[in-house]
Amino acid sequence: MKSFDPGAIERKWYRYWEENGFFSPSGRGDPFCITIPPPNVTGTLHMGHAFQATIIDTLLRYHRMCGYNTLGQPGTDHAGIATQMVVERRLMAEGQSRHAMGREAFIERVWEWKERSGQTITTQLRRMGVSVDWSRERFTMDERLSPVVLDVFVRLYEEGLIYRGQRLVNWDPVLRTAISDLEVINEEEAGSLWLIRYPLVGGEDHLVVATTRPETMLGDVAVAVHPADERYRRFIGRSVELPLAGRRIPVIADSYVDPAFGTGCLKITPAHDFNDYEVGQRHGLPLINIFTVDARLNDAVPEAYRALDRYEARKRIVADLEAQGLLAGIQPHVQVIPRGDRSHAVVEPYLTYQWFVKTGPLAGPAIEAVRDQRIRLVPKGWEKTFFQWMEEIRDWCISRQIWWGHRIPAWYDPEGRVYVARNEAEARVKYGLSADLPLQQDEDVLDTWFSSALWPFATLGWPDQTPELKTFYPTTVMVTAFDILFFWVARMAMMGLKLTGDVPFRTVYIHGLVRDAHGQKMSKTKGNVLDPLDIIDGRDVDSLVAKMTQGLMQPEMAERIAKNVRREFPQGFEAYGTDALRFTFAVLAGSGRDIAFDIRRLAGSRAFCTKVWNAARFVLMNVENAAPPTVPGETGERGNAIDRWIRSRFARALDEVKRGIADYRFDQVAQAIYEFTWSHYCDWYLELSKVVLADAEKSPEERAATRRTLIEVLESLLRLMHPVMPFISEELWQAVAPLAGVSGKSIMLRPFPEESRYCPDEDAEQEIEWLQKMVIEIRRIRAEMDVPYRKQVALFLSGGDDRVRDWVARNRGFIVSLGKLSSVEWLAPGVSEPESVVAVVGDLRLLIPMEDLIDREAELKRLSREIDALNSQLAKSRAKLDNPSFAARAPAAVVEQERQRLADTERNLEKLQSQKSRLEGTA
RNA sequence: GCACGGUUAGCUUAGCGGUAGAGCGACUGGUUUACACCCAGUAGGUCGGGGGUUCGAUUCCCUCACCGUGCACCA
């Protein structure tokens, strides 16, 4: 074990864990269960998944070590539209199309893709070290879950919670499917407002309507004005000639119209606008659909415009209106454009038959569950957002006009009557249909999120009352990003409560989104999407560029992406290893909504791994063959202060880690581990232990106690860090455990460190903190006086109470060694002081005689600087204490603290001032 | 328009009522037998602006500015 090489250990241990079945629930203890959010089988895992996997696995490993019966339930999601798009794009590259090859063959191709992509994803999750039970892996379209999805559809239909109807829906004319409200992104874009004259029947006048979509005029069925609008009151009830269409349409009054906007005249197109639809319903107006599924004009419009694309038609219509003198003007206008989140096509309100979930009856219980904390959202702030959305929820359109997904279990007879059942045979029985009645299954499939909503219980075997369901449902915690709070969390809550009668999870931990180092969203077109495996294993810049520019939706972006990649990662990636990546994610998992992933953080995390590795090497070298047999429970005796101190520090770190996990503050977890390991254990305890081990004067018992503390604390530390850094902790633990008198197959099956063996020790902390101050002061003087590293200096002490004298006596060896001193002596009273540099630790004065080494000017400057600082501190403290209301109103402890501070400052000041005048006197 | 989040050292961020912490970066000095992916030391912050509450505010309240997000939306 020369140096730390993550690549050499990770696969080995993962295989060991998995082959030995360590990821399966133990069957003992309280249940702890996380169903992992199933990644889409569209491609490969990105940094967001890796981040989430880290959090999930940290929770799983921690709770497993704490004795919970722990299940991590893995799986993947079929992601209907997204996956179908990916496969279609590949087909296109081959010069094929799904329509040419037919539904069955196409589905076959998607399955092939799913197999490959699913494989990649599970491999990636394994490389991340995720300790989920792979024997229970599920897929939303597998043979276990698919029947459940259909079963739920049938049940909800039977209860009237699913219905079919002709509605205006959000239609994606590129994908040619309906999508739900959530899948529409509304953004402001520059557009125009066209003013069009509609001549009044009778010919003496006209109304001017304002529209952003002139092409829809061919579907107009009315012109509406506000009933109180004096300008138009006289026209209400009359008719206008609809230009180009040659139809007459009425002028109606509706208070929906805003008289202040445009001209105050609104054209009504109920089949192509959600608001107009409402107006149309109120006034009993007809619906005229003028578009085809791909947003071309259909046969309902005059021949001249048929088959034109909507934007082509717009141009033509505007031109024709102008030619007829009916165009009253064009104004620039910023409008909100709805686009599909997948295709980015402008979404068309479109009249079709679709299936819907009636959300009203489902939302109430979900709101209640969050309100009474049966479901706890962490951070709590998300509750408001959740409530706001849930309280205005609209029915959920769940049918999609695509091929990849769960085909809707509904059959139609030649009359168009619908029969809903789990399969055709059941439909015939259920509805008493004769065997020769031809039935046609609905062509559509279900929204992916419909099946995802069942994930927490369907994966555990529901609707069967399996042992897993009984044990692990409701699941303990759902770890998810805020961007799918509505898409997924809300729907799981509704479905879980409806179908199982209980909440699907007790806690939802909502984490931030991983962004790049500049806080930018990661996207393929920016070339900042990273593959966690590239960070783990390393990748040179050329192959990184090649990878990021292949298979692009917009190949013309390649050059820009390449440039960006080379700018951001000029050296590509070094291999950082999984533990470093996980540790980095933990550090970044703070309270913010965004996680800015800076590659430079990784270097620090890997350095930390190396630090742990080297510390373990040191301990093993010093303890091997020399460790006394450890008797468990024997370690409570009062030993050396340094041994008690490091145990005390460990107790505090342990507490912080446990609290951090309980609060979902993984940054605090990582911070506590890092600080203990580096700043306490390595920087101080190892250095102090060297002094003990090298000191022949010390008793064998004392040295043995330090060796034992070295190994025991290290063994505990490895367990402390294991949930975050599973691989390095396992590798080292296997070597360390035997020397610590611990046995076991794996660190992951050992208990988390117990508080009982580590308790805070105030005495030891005070003593060692004093020792640290002494050493730091000496080092500072050495550094500021430019004392060469090897040069030993003498230290004289004066002042200090009995306790300090006692500490000096006990810690003399440490002070000499860490301070590189030649001697430590008490200044005899009455003897004149040697010319020295002075520092102060509490009551104690430290004098280092500088002889000819001293740079008097530099020292005077240093003293002046310190004196200035103390003076300003003094002024602050005095002002505070002189304020009568401070003493009267502030808590006694605070006042006392301030008094103490003032006294300390005065004392230090006095010492430094006398030192300064002494130095000036000898000049 | 409504709601939420953010604004702290050059960068990424923690702290959220009692004198501002970390990691990276910068600077100075070091091949000290665990570690140069290291060690020792140093510099760097009027905690976005303004007002208020308080003995005391980075921390609580109000307000403004800027950045980001969600929901809604008038053609």
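Looking only at residues of region A:870-923 that are outside any helix (DSSP H, G or I) and within 13 Å of RNA strand B (Cβ to nearest atom), we find that the one that is surrounded by the fewest Cβ atoms within 10 Å (Cβ to Cβ) is A:PRO891. Of all residues assigned to region A:458-469, at least one qualifies as being within 30 Å of A:GLU88 (Cβ to Cβ) and in contact (Cβ under 8 Å) with a residue 12 or more places away in the chain.
Could you please let me know if A:LYS820 is within 24 Å of A:LEU688 (Cα to Cα), under 51 Å from the mean Cα position of the chain (by Cα) and either among the basic types (Lys, Arg) or open to solvent by 60 Å² or more (accessible area, probe 1.4 Å) (or both)? So A:LYS820 fits the description; yes.
One residue stands out in region A:437-450 among those that are open to solvent by less than 10 Å² (accessible area, probe 1.4 Å) and within 30 Å of A:LYS384 (Cα to Cα): the one that is farthest from the chain's Cα centre (by Cα), namely A:LEU446. Within region A:250-269, restricting attention to residues that are open to solvent by 40 Å² or more (accessible area, probe 1.4 Å) and small (Gly, Ala, Ser), the residue that is nearest to RNA strand B (Cβ to nearest atom) is A:GLY262. For region A:239-249, taking the residues that are out of contact with any Phe, Trp or Tyr (no Cβ under 9 Å at 6 or more places or on another chain) and under 16 Å from A:ILE317 (Cα atoms), the one that is farthest from RNA strand B (Cβ to nearest atom) is identified as A:GLY246. Screening A:ASP229 against (1) in contact with a Gly (Cβ under 6 Å, 6 or more places away or on another chain); (2) crowded, with 22+ Cβ neighbours inside 10 Å leaves a single unmet condition, (2). Within region A:782-817, restricting attention to residues that are in a helix (DSSP H, G or I) and of a type in the set (A, V, I, L, M), which residue is nearest to RNA strand B (Cβ to nearest atom)? Among those that are in a helix (DSSP H, G or I) and of a type in the set (A, V, I, L, M), it is A:ALA783. Restricting attention to region A:875-923, which residues are in contact with an Asp or Glu (Cβ under 7 Å, 6 or more places away or on another chain) and under 26 Å from A:ARG862 (Cα atoms)? Once the filter is applied, which keeps residues that are in contact with an Asp or Glu (Cβ under 7 Å, 6 or more places away or on another chain) and under 26 Å from A:ARG862 (Cα atoms), region A:875-923 yields A:SER877, A:LEU912, A:LEU919, A:THR922. In this structure, is A:GLU322 closer than 28 Å to A:ARG238 by Cβ, more than 16 Å from RNA strand B (Cβ to nearest atom), assigned by TED's automatic domain parsing to the domain that holds A:ALA210 and free of Cβ contacts under 8 Å to residues at least 60 places away in the same chain? Taking the combined requirement at face value, the residue satisfies it.
Restricting the first member to region A:23-51 and to residues that are of a type in the set (D, E, K, R), and the second to residues that are part of a helix (DSSP H, G or I), no beta-carbon pair is closer than 7 Å while six or more apart or on different chains. The set of residues in region A:473-510 being within 14 Å of A:TYR664 (Cβ to Cβ) and more than 16 Å from RNA strand B (Cβ to nearest atom) consists of A:THR476, A:VAL477, A:MET478, A:VAL479, A:PHE505, A:ARG506, A:THR507. Filter region A:371-405 down to the residues that are more than 19 Å from A:THR448 (Cβ to Cβ) and away from RNA strand B (no atom under 15 Å from the Cβ) and list them by number. Hits for region A:371-405 are A:ARG371, A:ASP372, A:GLN373, A:ARG374, A:ILE375, A:ARG376. I'd like the full set of residues that are over 44 Å from the mean Cα position of the chain (by Cα) and either closer than 22 Å to A:LEU193 by Cα or of a type outside the set (D, E, K, R) (or both), limited to region A:266-288. If the condition is that a residue be over 44 Å from the mean Cα position of the chain (by Cα) and either closer than 22 Å to A:LEU193 by Cα or of a type outside the set (D, E, K, R) (or both), then A:LEU266, A:LYS267, A:ILE268, A:GLY280, A:GLN281, A:HIS283, A:GLY284, A:LEU285, A:PRO286, A:LEU287, A:ILE288 are the ones that fit. Annotation: A:GLU278 fulfils all but one of (1) open to solvent by 60 Å² or more (accessible area, probe 1.4 Å); (2) under 16 Å from A:PRO227 (Cα atoms); (3) touching a Pro at 6+ places or on another chain (Cβ under 9 Å); the unmet one is (2). Among the residues making up region A:1-59, those that are touching a strand residue (DSSP E or B) at 6+ places or on another chain (Cβ under 7 Å), within 16 Å of RNA strand B (Cβ to nearest atom) and not β-branched (Val, Ile, Thr) are A:MET47, A:GLY48, A:PHE51.
Every residue, every condition in (1) basic (Lys, Arg); (2) on the phi < 0 side of the Ramachandran plot; (3) modelled with pLDDT of 95 or more, yes or no:
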residue: A:GLN335; (1), (2), (3): no, yes, no
residue: A:HIS344; (1), (2), (3): no, no, no
residue: A:LEU351; (1), (2), (3): no, yes, no
residue: A:VAL357; (1), (2), (3): no, yes, yes
residue: A:ARG371; (1), (2), (3): yes, yes, no
residue: A:PRO379; (1), (2), (3): no, yes, no
residue: A:GLU383; (1), (2), (3): no, yes, no
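All of A:HIS272, A:HIS283 fail the test of being in the same structural domain as A:ALA328 (by TED's automatic domain parsing), crowded, with 17+ Cβ neighbours inside 10 Å and in contact (Cβ under 8 Å) with a residue 60 or more places away in the chain, apart from A:HIS272.
In region A:451-476, the residue that is surrounded by the most Cβ atoms within 10 Å (Cβ to Cβ) out of those that are β-branched (Val, Ile, Thr) and in contact with a Lys or Arg (Cβ under 7 Å, 6 or more places away or on another chain) is A:THR459. The helices (runs of 4 or more DSSP H) found entirely in region A:24-103 that carry 2 or more residues being within 29 Å of A:GLY512 (Cα to Cα) and not small (Gly, Ala, Ser) are A:47-65, A:80-93. Can you confirm whether region A:863-879 contains a residue that is at positive phi and of a type outside the set (Val, Ile, Thr)? The answer is no, given that none of the residues of region A:863-879 is at positive phi and of a type outside the set (Val, Ile, Thr). Only one entry in A:ASN640, A:ASN622 is at pLDDT 85 or above, farther than 27 Å from A:PRO379 by Cβ, within 14 Å of RNA strand B (Cβ to nearest atom) and polar (S, T, N, Q), namely A:ASN622.
Output yes when any residue across region A:651-663 is over 31 Å from the mean Cα position of the chain (by Cα) and either assigned to a helix (DSSP H, G or I) or without any contact (Cβ under 8 Å) to a residue 40 or more places away in the chain (or both), and no when none is. There is no residue in region A:651-663 that is over 31 Å from the mean Cα position of the chain (by Cα) and either assigned to a helix (DSSP H, G or I) or without any contact (Cβ under 8 Å) to a residue 40 or more places away in the chain (or both).
Filtered by the rule that a residue be in a loop (DSSP other than H, G, I, E, B), surrounded by 14 or more Cβ atoms within 10 Å (Cβ to Cβ) and of a type outside the set (Gly, Ala, Ser), region A:394-422 gives A:ASP395, A:ILE398, A:GLN401, A:ILE402, A:TRP403, A:TRP404, A:HIS406, A:ILE408, A:PRO409, A:ASP413, A:ARG422.
Out of A:ARG213, A:ARG233, one residue alone is farther than 15 Å from A:HIS283 by Cα and within 14 Å of RNA strand B (Cβ to nearest atom). It is A:ARG213. If you take the residues of region A:847-869 that are of a type in the set (A, V, I, L, M) and open to solvent by 30 Å² or more (accessible area, probe 1.4 Å), which of them is modelled with the lowest pLDDT? Going through the qualifying residues, I end up with A:LEU853. Residue by residue through region A:286-313, note down the ones that are open to solvent by 50 Å² or more (accessible area, probe 1.4 Å) and either within 16 Å of RNA strand B (Cβ to nearest atom) or modelled with pLDDT of 95 or more (or both). Within region A:286-313, just A:TYR311 meets the criteria.
The values are calculated or read from the model by the stated rules, or taken from the named source; none is laboratory data. No experiment lies behind these values; they were computed from the predicted model shown. Ideal geometry is used to build each Cβ from the backbone, glycine not excepted, and the neighbour counts take in all protein chains shown. The area values use the complete protein model at the heavy-atom level, side chains included, leaving out ligands, DNA and RNA. Shrake-Rupley method; radii C 1.70, N 1.55, O 1.52, S 1.80 Å.
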